[in-house]
1. Restricting attention to the stretch 311-335, report how many residues are in contact (Cβ under 8 Å) with a residue 60 or more places away in the chain and within 19 Å of residue 89 (Cβ to Cβ).
2. Residue 191: surrounded by fewer than 22 Cβ atoms within 10 Å (Cβ to Cβ), in contact (Cβ under 8 Å) with a residue 60 or more places away in the chain, within 14 Å of the ligand (Cβ to nearest atom) and of a type in the set (A, V, I, L, M), yes or no?
3. I'd like the full set of residues that are closer than 30 Å to residue 316 by Cβ and among the aromatic types (Phe, Trp, Tyr), limited to the stretch 30-84.
4. Would you mention how many residues in the stretch 136-146 are more than 8 Å from the ligand (Cβ to nearest atom) and assigned to a loop (DSSP other than H, G, I, E, B)?
5. Quick one: is residue 41 out of contact with any helix residue (DSSP H, G or I) (no Cβ under 8 Å at 6 or more places or on another chain), part of a helix (DSSP H, G or I) and over 18 Å from residue 122 (Cα atoms)?
6. Are any of the residues in the stretch 180-187 at pLDDT 95 or above and within 12 Å of the ligand (Cβ to nearest atom)?
7. Here are the criteria: (1) in the same structural domain as residue 232 (by TED's automatic domain parsing); (2) open to solvent by 10 Å² or more (accessible area, probe 1.4 Å); (3) of a type in the set (Phe, Trp, Tyr). Tell me which single one residue 172 does not satisfy.
8. Quick one: in the stretch 131-156, which of the residues that are touching a residue at least 60 places away in the same chain (Cβ under 8 Å) and farther than 27 Å from residue 370 by Cβ is surrounded by the fewest Cβ atoms within 10 Å (Cβ to Cβ)?
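The values are calculated or read from the model by the stated rules, or taken from the named source; none is laboratory data. On a predicted model such as this, the values are computed, not experimentally measured, just so you know. With ideal geometry, Cβ positions are generated from the backbone for all residues, glycine too; neighbour counts draw on all protein chains shown. The protein model used for the area step is the full one, side chains on, heavy atoms only, and it has no ligands, DNA or RNA in it. Shrake-Rupley method; radii C 1.70, N 1.55, O 1.52, S 1.80 Å.
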Amino acid sequence: MAALSLRHTFLPTDTFGSDERRLVEEFVDEQIRPLATELDETERFPRELYTELAKIGMFGVTVPTDLGGTGATPLDYLFLMEGLSYGYSSVADQCGLVEMVGSLLAAFGTAEQHERYLRPLLAYERPCAYALTEAESGSDLGSISTRAVRDGDDWLLSGEKIYIHNAPVADFALVLAVTDPEKGKRGGISVFVVDLEQAGVTRAYHEHKMGQRASQVGGLVFDRVRLPSDALLGEEGKAFGYMMEVLAKGRLGIAGLALGISRAALAAAVQQAADRTQFGAPIGANQAISFPLATAVTELRAATALAADAAHALGSGADDAAVLCSMAKLTASEGAVRHADVAVQTFGGSGFIRGYEVERLYRDARITRIYEGTSEMQRLIISRALLPRTR
Ligand SMILES: Cc1cc2nc3c(=O)[nH]c(=O)nc-3n(C[C@H](O)[C@H](O)[C@H](O)COP(=O)(O)OP(=O)(O)OC[C@H]3O[C@@H](n4cnc5c(N)ncnc54)[C@H](O)[C@@H]3O)c2cc1C
């Protein structure tokens, strides 16, 4: 019987051939994995890694090449997210953020916005943020209160965003704001491209998190920030539709990130089960240790196949793509939390000690069930597709 290995991803790719696959694996092994413990401990922002990733064409994977992207497919993007996260999930998270903001700018931006924001973002000269969440508006995005009001040809932006990835380091942000309270989320919400180094913008604070600690997360406060009319992205009032469109890709990316955490945790656990001896035999000789690993690896393969299915659906524009992306995110993220737990248990006491990879992975996995739409929100999306007449 052939041995089962977790050394390489189970994911296929589309346009990425063996050269690109090798490039990603080498980058992960040589540049990311050796830094993960230090980044977790110090919460340092590894800008140099992101500049390197941009140089090898790994930012803006699905953005067309004529706009500075890689011009690859959602399946290639999923592969990249899984691989980077196998190295360290904060790095994958940065790639996901660039993909989301890059996709929105590419699809809805003007030629001027492409030159000013998209190209520098993909070259990692201008880090970005994506600012939706507010203190009173998390899962329920339609209830945001950040407001943009017209002032002559300009807009005045006021409000406060919380838990924003890259807020402490970003150059510009896409900010969701109400432009017509009468119309509500369908027609009354718009998205603006906001330079963060300007009067009226405050980077409120820097959060210290349970996991993915090299990801910089903080608040952004806007106090009557004057925006020119061309700061609007796409059409006024259309932002909710834009967000829904790009969130499916975001969820696919988090599915990939969660799969990478699972694979790293299970690879470490399998190694430990073979290496660690107690009672005169490897601990993996006990079914109490090997069966949870067998179940977890089976779940990981199933979650990988589902995510690849979702990526194909997204790439071909299938009607059920968004629901499949929700299923992929739900399955992979719930799996990552379970699998990291199995890995910690396999390590025993050392799994609880700082500096061991599985201890970090256990903490890093937890947020995947929350950001980019909680597991409950994914179940809501899936159940609505399943039971449309009960809505
Ligand atoms: C590390 C980190 C990074 C983040 N990055 C960003 C970012 O870059 N940009 C950004 O805009 N946001 C970001 N967020 C915010 C994140 O997207 C939200 O935290 C998330 O969407 C959940 O919103 P909430 O925290 O307000 O929870 P709530 O919406 O208050 O939910 C709390 C709980 O109630 C459940 N719940 C709520 N409504 C329902 C319902 N109708 N049915 C069943 N259950 C329900 C939720 O599932 C959850 O379990 C980030 C958050 C973190 C922690």
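1. 8
2. Numbers: surrounded by fewer than 22 Cβ atoms within 10 Å (Cβ to Cβ): no; in contact (Cβ under 8 Å) with a residue 60 or more places away in the chain: yes; within 14 Å of the ligand (Cβ to nearest atom): yes; of a type in the set (A, V, I, L, M): yes.
When the stated conditions are applied, residue 191 does not pass them.
3. Listed by number, the residues that qualify are 59, 77, 79.
4. The number of residues fulfilling the criteria is 4.
5. On the way: out of contact with any helix residue (DSSP H, G or I) (no Cβ under 8 Å at 6 or more places or on another chain): yes; part of a helix (DSSP H, G or I): yes; over 18 Å from residue 122 (Cα atoms): yes.
Taking the combined requirement at face value, the residue satisfies it.
6. No, the stretch 180-187 contains no residue that is at pLDDT 95 or above and within 12 Å of the ligand (Cβ to nearest atom).
7. It fails just one condition, (2).
8. 153
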